[in-house]
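None of the figures in this text is laboratory data; all of them are computed from the coordinates on show. Because the structure is predicted, anything quoted here is derived from the model rather than measured. Note: ideal-geometry Cβ built from the backbone for every residue, glycine included; neighbour counts use all protein chains shown.
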Amino acid sequence: MRMRNYFVLMALGLALTMPARAHADQFLADFRGFDYEDPNNSPGFGNVGDNYHSLGYITQVNPVLLTCDFTNNEYTYQFKDLTAIATDSAPPFLFVFYAPGRFRIFEDSKTSGTTADFGVNPPNATAPSTFTDGTLTLGGVVSNFILTLDLTNNNGSFNGDITFDEGSQQGSIPPAQLTGWSFAGLTSGSGTGTPQGYSHQVDGQIRVPGVVPAYGTSWGMVKSLYRH
Amino acid sequence: MTKRLLRLALTAALFVVAVPVSAFAQTGTVIDWGPACYAYETGYNATTHKTAPGSVMSIVGVINSFVGPLGSIDPNTAGTEYTFYITGLTANAAGTTVAAGGTLSVFSTVYNGGTITIWQGSPRDAAFGTNPPNATVPSTFTNGSLFLSGTIPTVTINVTRFNSNGNWLSGNADSGDPANCLWTGGSAIDLLSPGGHPCPFRLTGGWDMKPTDVLAGYVSLFDGKIDLNCPTASTPSTWGAIKSQYRD
């Protein structure tokens, strides 16, 4: 009897939480920069064996997930060591598939740090070094990275998954949101300000899975889900 | 001989040559935005992923960065926001065309005849809502004072999708090279007009159509920017002055 009363009290008093339907992806960081290949073993862009890199600035972050002081610090990003392993085409478009690489965000003091400088013909004396100095804020493995190029207009886009596994603020992101992804548009030609030796201007975002909210329920409701 | 020399002298005096001089040769990004920008249009089919000819595209967004000649303005100043509204971009007669590859395909749509207005407003009240146009779109993106206005003759949007299931992979938008968008007005037009001539600009960026990223009733999240391409100015000179530069 005492045992039954115990379970009744538990059923009445226990407020269980159940996950609700998944929400939209969340914005993590906005970036803008330029890309280049190194090594660039074959003339042109996007050939198998060439390594893809991108450097630039973080222009905005989600303050819920990352703490950044843009007044006192410069935030830079780096995509690195993405090796092209295969291509496909749908003329005039080229699709380039890459082996895993890495993505990183760095924080560097505006007063005591080094101002990021693209220079020309990277890698050079300032790139990527002035984009990878300071504190490693967040970083991860980039996988399933695919780049689309319009060979007629030399513009395009990319998409890749990012699994975050390092950085001073990795711990501030809930574990369920550490597997994110990135997309960007690529542009070249007049007006983009692309420094010599870089291939495209890059403008995109990092996004992570949305927070899965919970709602209250009861033990009886949970048990009823599993009754035959 | 004398007549010949006189003719040569007169020709040299009258011959006016335009010589490029160093000028405000601004190229590169001047306006940037990120997560707070969405596009909607009248004739998009979410099942076929195609836009019908004549569909009208509109875009609303909040600017998060000014660079170069606009760099002294902070769009993130508390209580103030800079918003923009692009509209009138009409899909051409072909609608969306598809270039098919082995595993991926690119869906391309060319739009013509758009305009852009950029607004400086207070308070920060821009709200996307759902299923635009609505009670806040485009109204909360076109309130305040006119900061800049311009024309966007054409934009091409390319979207890469998986052949297996049609899912979106990546995308980009581009108004084309050379830059052919033109500023027409607004309180900041002089900042982008060296010598009184507004610089042409280019609209580009990443085009995200992943369903979990796009608000209901919109077709895409647009992480974009505006690049400026100011031409190099020239001044009159003479053939004699030019030759004198190369004399030992």
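Work out from phi, with θ = phi - 60° and the Karplus expression 6.51 cos²θ - 1.76 cosθ + 1.60, the ³J(HN,Hα) of each residue of region B:70-75, listed in order in whole Hz, and give x for Gly and Pro.
9, x, 7, 9, 9, x
Give me the distance in nm between label points sitting 7 Å out from Cα along the Cα-to-Cβ direction at A:Ser42 and A:Asn154, one decimal.
The modelled label-to-label distance comes out at 1.9 nm.
Where Lys and Arg each count +1 and Asp and Glu each count -1, what net charge lies around A:Thr114 among other residues with Cβ under 11 Å from its Cβ?
-3
At 0.36 nm per residue, and after removing the present C-alpha to C-alpha distance, how many nm does the segment from B:Thr80 to B:Ser122 gain when stretched out fully?
Full-extension gain reported as 14.6 nm.
To the nearest whole number, what is the average tally of beta carbon atoms from other chains within 10 Å of the beta carbons of peptide B:200-207?
Going residue by residue through B:200-207 and averaging, the value is 6.
Based on the Cβ-Cβ distance of B:His197 and B:Thr151, what FRET efficiency does E = 1/(1 + (r/R0)^6) give at R0 = 22 Å, to the nearest 0.05?
Taking R0 as 22 Å, the efficiency between B:His197 and B:Thr151 is 0.90.
Give the peptides A:125-135, A:98-108 in descending order of average Cβ contacts within 10 Å, highest first.
A:98-108, A:125-135
Between A:Ser190 and B:Asp190, what is the FRET efficiency for a Förster distance of 25 Å, r being their Cβ-Cβ separation, to the nearest 0.05?
In this case the efficiency is close to 0.65.
By the scheme Lys and Arg +1, Asp and Glu -1, what is the net charge of all other residues having a beta-carbon under 13 Å from that of A:Pro123?
-4
Can you pull the mean other chain C-beta count within 10 Å for peptide A:92-105?
Rounded to a whole number, the mean comes out at 2.
Could I have the simple spin-label model distance between B:Thr212 and A:Ser89, label points 7 Å from Cα toward Cβ, reported in nm to one decimal?
3.5 nm
Considering only the other residues whose Cβ falls under 9 Å of the Cβ of B:Val106, what net charge follows from Lys and Arg at +1 and Asp and Glu at -1?
That sum, taken over residues with Cβ under 9 Å, equals 0.
Rounded to the nearest 0.05, what FRET efficiency do A:Phe70 and B:Ser72 give with R0 = 22 Å and r taken as the Cβ-Cβ distance? Could you check?
That gives a FRET efficiency of 0.90.
So how do A:Leu186, A:Leu94 line up by other beta-carbon neighbours within 10 Å, fewest first?
Neighbour counts put them in this order, fewest first: A:Leu94, A:Leu186.
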